[in-house]
Amino acid sequence: MMKKKAFMVPNPMTPGQAIHFDPELCTGCNTCVDVCRSDVMVPNPEKGKPPIVLYPDECWFCGCCASDCPVSGAIRVEHPLNQRVGWKRKETGEYFRIGMKNPPPPNTKPPVG
Amino acid sequence: MTEFNYSQAMEWPYPVNYGKENEVSADVLILGGGIAGCHAAINAAKRGAKVAVVDKGAVIRSGLGGAGVDHWHLACTNPCSKITPEEMEGLLKKFGDYFYLEYGNGITSYITCKESYDALLDCEKMGVKVRDVDDEFVGAPFRDEKTKLMFAYDYENRFCIRVNGGADIKVALYNELKRLGVKIYDRVMATSLLTEGGKQGARVVGATGLNVRTGEFYSFKAKATILSTGAPAGIWIFSTELAGFALFQEPNLTGEGTAMAWRAGAELTTLERSSAMMGSGGFSYPMYGTGNAHNTWYACNIVDANGKEIPWVDRDGKMVKTVSERYHPAPGQRTFFYGRMSPSYDIWGPSLIPDLPQRIMKGEFALPLYADLPSMPKHERRAIWGLMIPHEGKCRIIYDTYQRAGFDPDKDMLQVNIMPPDQYFYTAWWGSYGPRQWRTGGFCNGGGLVFDWDLKTSLEGLYVAGQSTYPGADHSVAACSGRYAARKAAQYAQTAKEPVVERKQVDGEKARHYAPLKNKNGIGWKELRAGLCRIMQDYCGEYKSEETLKMGLRWLNSIRESEASTAYVRNPHELARTLECLTHITVGEIIMQASLARKASNSALEFNRLDYPEKDPPEWNKLVTIKLENGDIQVGEMPHNYWLLPPNAPTYEENYKRHCILYKAGRTATAHMEGGK
């Protein structure tokens with residue numbers, strides 16, 4: 001038998017996991033808070049900590065928070081599950097998708113420009 | 001409202017000062033700091049005007065073009081273009097005046113033909129990478145070796161430029177605003193226009209605004225005002241539960257500009273235009289994030305589930321055998337624009353077979369389809385996935401996410417989302433389809449303010465740019481109309497008399513802004529907004545009639561008196577969102593009034609009246625206008641091509657010469673600009 005304390009809480013907001021911070025990398029500079037068009041995030045009351053994603057349901061997934069973050073990799077934007085896409089590897093016929101368990105290794109080729 | 005335990009909530013992170021008034025004065029006031037607003041601000045400031053820009057988001061990234069741009073359209077004056085603005089004028093006419101759109105506007109599209117390349121050079125001077133400076137595409141058929149410019153679609157005629165570095169364009173514009181000393185008011189939602197004596201139809205002398213973080217009030221006084229807000233978009237579908245604000249349009253586009261212009265008495269037109277084109281809210285996929293063959297993905301190979309290639313055809317249905325032929329006009333054809341989206345056969349381009357839906361139904365092709373990037377020539381594959389996707393708006397994050405997940409365009413075929421076969425009709429927007437919702441938007445199809453060759457509206461002191469023009473704007477039209485409107489507004493401001501703000505009007509607005517704060521027991525803004533969208537879908541949807549439109553108006557007004565006037569507000573963010581809902585009601589009313597005024601079905605406007613089922617009766621081939629006069633609705637009309645009729649000159653070139661300010665006999669706009677430095 002597992003006994004665990006439970007709480008009365010509202011249902012989770014969906015989508016609720018649009019923007020993820022790596023607490024090890026994020027310096028709490030709040031650049032992302034400043035560039036967000038929808039004011040999805042607010043500064044953390046504790047200085048130096050990652051911002052709070054207060055309104056994930058208002059995220060437009062424009063990705064500017066990640067583009068303009070001064071620390072590469074500190075912010076990860078994830079499209080919600082109902083927007084995840086798949087692809088087929090031509091040679092092998094293997095099928096992959098965004099968000100799968102055991103994904104193939106990342107493709108590190110940078111964009112043009 | 002459910003009882004909420006405030007002791008568990010953290011305090012609002014910004015100082016809250018409801019009602020605190022900030023007074024700002026400027027020569028040129030710009031409402032909306034997107035692409036049009038930024039180009040306007042830069043050009044007005046360069047002409048010596050004191051400029052203030054007001055933006056609901058943050059100018060550094062706000063607006064529909066804030067996250068990037070891949071195609072720079074109508075760059076007819078670039079040194080490689082084989083089509084002059086004057087020849088394009090004729091082509092645009094066939095194209096319905098603006099790309100694939102009938103009932104478009106010739107003024108803004110011609111200005112764009114003349115100045116699009118100049119606007120891009122402006123951006124280059126600000127540090128945006130425009131050319132293939134890293135020589136990654138040396139020898140590619142879309143690259144000009146001398147200028148290093150890269151082109152899309154028609155590689156022969158070369159008037160659409162692929163922007164290398166489009167993802168950073170907004171940051172560069174923002175830095176230029178700062179450098180020029182433009183005053184930027186971020187997080188301030190413009191809420192109304194102020195008019196002389198507070199009178200409807202009088203000269204515009206400024207605007208009011210609300211800070212969405214602090215709740216502070218703004219009163220702006222200005223000699224000239226440029227409206228460059230987005231067109232109303234998020235008023236037809238609202239369901240954040242599915243996938244956030246998964247609209248093609250920016251979430252801030254709730255129609256403040258349209259509503260405030262209407263209340264001030266400006267004349268509007270084509271608000272009745274309907275469409276089921278792009279973005280079915282949360283049912284869609286990330287734009288350009290699924291396998292595709294057009295627009296940003298032009299002209300990618302598409303294969304079916306068994307690897308069988310979907311053929312491409314030219315405008316005559318003749319098989320286009322090689323990939324490189326997809327980037328050239330058909331034999332004897334002058335040029336082409338996007339596939340078959342145009343109403344005119346003359347400029348249809350190569351596209352996937354138009355009967356693909358039927359052939360899927362017959363079992364000739366099996367779902368799902370895939371975008372076969374690995375089979376594309378190396379330079380085209382790199383251009384689609386490495387150049388266009390990462391620089392188009394909202395797509396850098398697609399590039400980053402997919403790459404991180406291991407997607408490799410050299411090996412992988414991106415799946416096309418599965419849909420009913422009839423939806424595989426030629427389109428650039430496969431990924432954004434879902435169950436059909438009405439008037440889901442389109443960034444260049446809405447209605448807007450009536451304007452002339454000065455980009456001046458029917459109100460003195462009020463100019464338009466970007467999406468506030470009808471029928472809206474893409475990136476290059478926004479940039480060009482912004483530059484042009486700024487020249488006219490700055491010139492007007494030089495001699496305009498000192499504006500006087502009517503205190504009573506400001507006080508009235510202030511009371512309206514803060515009225516929701518008193519509410520305790522109503523519904524929240526999200527439920528309110530979703531409910532208003534339902535009214536729009538039901539009563540102003542695909543098929544309209546006098547009876548349903550009038551019922552819709554009754555519903556909107558009833559919601560205004562009831563749910564909308566009692567919606568609860570707990571912080572400045574919720575206050576702003578609730579005010580957006582009130583805007584939503586006004587915009588809904590404008591669209592329903594515009595729909596009532598056109599008493600005929602119209603195929604170009606995708607406008608169906610059940611009570612007037614005859615399509616396109618010739619007497620209704622005109623623009624219908626509406627405006628408020630002393631609070632009453634006035635319906636008017638204008639010929640479809642009013643910009644070439646008296647008092648205007650009969651040709652585009654002559655009108656441009658008369659109005660553009662830059663023109664000197666025998667010199668192009670660019671030469672004059674550069675010579676004038």
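The values are calculated or read from the model by the stated rules, or taken from the named source; none is laboratory data. These figures come from a predicted structure and were not determined experimentally. Because the Cβ atoms are built from the backbone with ideal geometry, glycine has one as well, and the counts that use them run over all protein chains shown.
Residue by residue through the stretch B:506-539, note down the ones that are under 29 Å from the mean Cα position of the chain (by Cα) and among the aromatic types (F, W, Y). So that I can check it myself, show each step before the final result.
So in the stretch B:506-539, the residues under 29 Å from the mean Cα position of the chain (by Cα) come out as B:509, B:512-513, B:524-539.
Correct list: B:W525, B:Y539.
Search the stretch B:503-523 for residues that are farther than 17 Å from B:G197 by Cα and pair each with any residue that is among the β-branched types (V, I, T) when their beta-carbon atoms are under 6 Å apart and the residues are at least 6 apart or on different chains.
Sorted first by the residue in the stretch B:503-523, then by its partner, the pairs are B:P516/B:V569; B:P516/B:T578; B:L517/B:V569; B:N519/B:T566; B:G522/B:T566.
For the stretch B:211-240, give me each residue that is within 13 Å of chain A (Cβ to nearest Cβ), of a type in the set (A, V, I, L, M, F, W, C) and over 26 Å from B:S458 (Cβ atoms).
The answer is B:V212, B:F238.
Kindly indicate whether any position in the stretch B:117-125 is within 14 Å of another protein chain (Cβ to nearest Cβ), farther than 26 Å from B:R315 by Cβ and assigned to a loop (DSSP other than H, G, I, E, B).
Kept after step one, since they are within 14 Å of another protein chain (Cβ to nearest Cβ), are these residues of the stretch B:117-125: B:123-124.
Adding the requirement that they be farther than 26 Å from B:R315 by Cβ leaves B:123-124.
Filter once more, so that each one left must be assigned to a loop (DSSP other than H, G, I, E, B): none.
For the stretch B:117-125, residues within 14 Å of another protein chain (Cβ to nearest Cβ), farther than 26 Å from B:R315 by Cβ and assigned to a loop (DSSP other than H, G, I, E, B): absent.
Hey, among B:A366, B:A383, which residue is within 30 Å of the chain's Cα centre (by Cα) and at pLDDT 90 or above? Quick ask: steps written out before the conclusion?
Values: B:A366 fails: within 30 Å of the chain's Cα centre (by Cα).
After applying the criteria, what remains is B:A383.
Identify, please: which residue in the stretch B:299-328 is of a type in the set (D, E, K, R) and closer than 24 Å to B:A140 by Cβ and is, among those, surrounded by the most Cβ atoms within 10 Å (Cβ to Cβ)?
Of the residues in the stretch B:299-328, the ones of a type in the set (D, E, K, R) are B:304, B:308-309, B:314-316, B:318, B:321, B:325-326.
So of that shortlist, the ones also closer than 24 Å to B:A140 by Cβ come out as B:309, B:314, B:321, B:325-326.
Details: B:E309: 12, B:D314: 20, B:K321: 10, B:E325: 15, B:R326: 23.
Among those residues, the one meeting the criterion is B:R326.
Here is a yes/no grid of residues against (1) surrounded by 18 or more Cβ atoms within 10 Å (Cβ to Cβ); (2) not assigned by TED's automatic domain parsing to the domain that holds B:R554:
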{"site": "B:S601", "(1), (2)": "yes, no"}
{"site": "B:D616", "(1), (2)": "no, no"}
{"site": "B:L628", "(1), (2)": "yes, no"}
{"site": "B:W643", "(1), (2)": "yes, yes"}
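So is B:R396 over 30 Å from B:G90 (Cβ atoms), surrounded by fewer than 22 Cβ atoms within 10 Å (Cβ to Cβ), touching a residue at least 40 places away in the same chain (Cβ under 8 Å) and not assigned by TED's automatic domain parsing to the domain that holds B:L64 or not? Don't jump to the end; show me each part of the working.
Values: over 30 Å from B:G90 (Cβ atoms): yes; surrounded by fewer than 22 Cβ atoms within 10 Å (Cβ to Cβ): no; touching a residue at least 40 places away in the same chain (Cβ under 8 Å): yes; not assigned by TED's automatic domain parsing to the domain that holds B:L64: yes.
No, not satisfied.
Only residues that are surrounded by fewer than 19 Cβ atoms within 10 Å (Cβ to Cβ), more than 7 Å from chain A (Cβ to nearest Cβ) and over 20 Å from B:L367 (Cα atoms): list them for the stretch B:403-423, please.
B:D410
Among the residues of the stretch A:20-65, which ones are farther than 18 Å from B:G57 by Cα and within 12 Å of the chain's Cα centre (by Cα)?
Residues satisfying the conditions are A:H20, A:F21, A:D22.
Test of understanding: among B:G215, B:G139, B:G166, B:G230, which residue is at positive phi, surrounded by 24 or more Cβ atoms within 10 Å (Cβ to Cβ) and out of contact with any Cys (no Cβ under 7 Å at 6 or more places or on another chain)? Full working, then the answer.
Values: B:G139 fails: surrounded by 24 or more Cβ atoms within 10 Å (Cβ to Cβ); B:G166 fails: at positive phi; B:G230 fails: at positive phi.
Among B:G215, B:G139, B:G166, B:G230, only B:G215 is at positive phi, surrounded by 24 or more Cβ atoms within 10 Å (Cβ to Cβ) and out of contact with any Cys (no Cβ under 7 Å at 6 or more places or on another chain).
It is to be established whether one or more residues within the stretch B:650-668 are without any contact (Cβ under 8 Å) to a residue 24 or more places away in the chain and at positive phi.
yes
Residues that are modelled with pLDDT of 95 or more and of a type in the set (S, T, Y): does the stretch A:43-62 have at least one?
Within the stretch A:43-62, not a single residue is modelled with pLDDT of 95 or more and of a type in the set (S, T, Y).
With (1) assigned to a helix (DSSP H, G or I); (2) under 25 Å from the mean Cα position of the chain (by Cα) as the list, and B:R359 as the residue in question, which single condition is left unmet?
Condition (2) is where B:R359 drops out.
Keeping to the stretch B:406-440, report how many residues are at pLDDT 95 or above and touching a strand residue (DSSP E or B) at 6+ places or on another chain (Cβ under 7 Å).
The first filter runs over the stretch B:406-440 and keeps only residues at pLDDT 95 or above, leaving B:406-414.
So of that shortlist, the ones also touching a strand residue (DSSP E or B) at 6+ places or on another chain (Cβ under 7 Å) come out as B:406-407, B:411-414.
Within the stretch B:406-440, residues that are at pLDDT 95 or above and touching a strand residue (DSSP E or B) at 6+ places or on another chain (Cβ under 7 Å) number 6.
For the stretch B:386-404, give me the residue count where each residue is small (G, A, S), under 28 Å from A:N102 (Cβ atoms) and at pLDDT below 95.
Here is the first cut: in the stretch B:386-404, the ones small (G, A, S) are B:386, B:393.
The next check asks that each one be under 28 Å from A:N102 (Cβ atoms); those that pass are B:386.
If we keep only those that are at pLDDT below 95 too, we end up with none.
Counting residues in the stretch B:386-404 that are small (G, A, S), under 28 Å from A:N102 (Cβ atoms) and at pLDDT below 95 gives 0.
Conditions: (1) at pLDDT below 95; (2) among the polar types (S, T, N, Q); (3) assigned by TED's automatic domain parsing to the domain that holds B:V182. B:Q491 meets all but one. Number of the miss?
Status for B:Q491: all satisfied but (1).
Where the second residue is assigned to a loop (DSSP other than H, G, I, E, B) and among the polar types (S, T, N, Q) and the first is at pLDDT 95 or above and lies in the stretch B:125-152, which pairs have Cβ atoms under 7 Å and are six or more apart or on separate chains?
B:K129/B:N164; B:V130/B:N164; B:R131/B:T147; B:R131/B:N164; B:D132/B:N164; B:L149/B:N78; B:M150/B:N164
Is it true that some residue in the stretch B:108-119 is farther than 30 Å from B:H659 by Cα, out of contact with any Phe, Trp or Tyr (no Cβ under 8 Å at 6 or more places or on another chain) and modelled with pLDDT of 95 or more? Outline the logic, then answer.
Taking the stretch B:108-119 as the starting set, the residues that turn out to be farther than 30 Å from B:H659 by Cα are none.
There is no residue in the stretch B:108-119 that is farther than 30 Å from B:H659 by Cα, out of contact with any Phe, Trp or Tyr (no Cβ under 8 Å at 6 or more places or on another chain) and modelled with pLDDT of 95 or more.
Restricting to strands (runs of 3 or more DSSP E) lying wholly in the stretch A:11-113: which have 1 or more residues that are within 9 Å of chain B (Cβ to nearest Cβ)? Even if it seems obvious, please write down each step before you answer.
On the way: elements: A:19-21, A:75-77, A:86-89, A:95-97.
Once the strands (runs of 3 or more DSSP E) in the stretch A:11-113 are filtered for at least 1 residues that are within 9 Å of chain B (Cβ to nearest Cβ), what remains is A:75-77, A:86-89, A:95-97.
Among the listed residues B:L74, B:L29, B:L92, identify the single one that is closer than 30 Å to B:V624 by Cα, in a loop (DSSP other than H, G, I, E, B) and either modelled with pLDDT of 95 or more or not aromatic (F, W, Y) (or both).
Numbers: B:L29 fails: in a loop (DSSP other than H, G, I, E, B); B:L92 fails: in a loop (DSSP other than H, G, I, E, B).
Testing whether each residue is closer than 30 Å to B:V624 by Cα, in a loop (DSSP other than H, G, I, E, B) and either modelled with pLDDT of 95 or more or not aromatic (F, W, Y) (or both) leaves just B:L74.
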